[in-house]
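Student: Provided herewith is a single structure, encoded as structure tokens, for subsequent inquiry.
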Amino acid sequence: MSKINIRPLGDRVLVEQKQESEQIKGGIVIPDTAKEKPLEATVIALGTGKLDDNGKKIPFDVKVGDVVLTSKYGGTEVKYNDKEYKILSAGDILAVID
């Protein structure tokens, strides 16, 4: 994993989505716009953390390198150094894949 210079803020998490291979069904090529968005992603960076009502930092449930399932429509897509990433709220991460 190469170093990336994007540092999410608050309870946000930077993930790299797993790339979907080109799908061909019955000899028809499905355009990118019609493909399902991948839900599986790898955690690249964690934000600065969220604070509870007492000012204590709430720990993240994931760590850098974890493979996770994310909410289909959550987060914001960003492009950096010709790679596509997504910045999500920690709440948009549904599960960790072991």
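Student: From the list Ile30, Ile97, Ile24, exactly one residue is at pLDDT 90 or above, over 10 Å from the mean Cα position of the chain (by Cα) and farther than 22 Å from Gly10 by Cβ. Which is it? Before the answer, list the steps.
Tutor: On the way: Ile30 fails: at pLDDT 90 or above; Ile24 fails: at pLDDT 90 or above.
On inspection, the qualifying residue turns out to be Ile97.
Student: A follow-up question, please. What are the residue pairs meeting all of these: first residue in the stretch 75-98, first residue more than 21 Å from Lys50 (Cα to Cα), second residue assigned to a strand (DSSP E or B) and of a type in the set (A, V, I, L, M, F, W, C), Cβ atoms under 7 Å, and 6 or more apart or on different chains?
Tutor: Val78/Ile87; Tyr85/Leu14; Tyr85/Val15; Tyr85/Ile44; Tyr85/Val78; Ile97/Val67; Ile97/Val68; Ile97/Leu69
Student: Considering only residues that are polar (S, T, N, Q) and surrounded by fewer than 12 Cβ atoms within 10 Å (Cβ to Cβ), which ones fall in the stretch 40-98?
Tutor: In the first step, residues of the stretch 40-98 are kept if they are polar (S, T, N, Q); the result is 42, 48, 54, 70-71, 76, 81, 89.
Asn54, Thr76, Asn81, listed by residue number.
The values are calculated or read from the model by the stated rules, or taken from the named source; none is laboratory data. Predicted, not measured: the structure shown is a model, and the values here were computed from it. Counting neighbours? That spans all protein chains shown, and the Cβs are built from the backbone with ideal geometry, glycine included.
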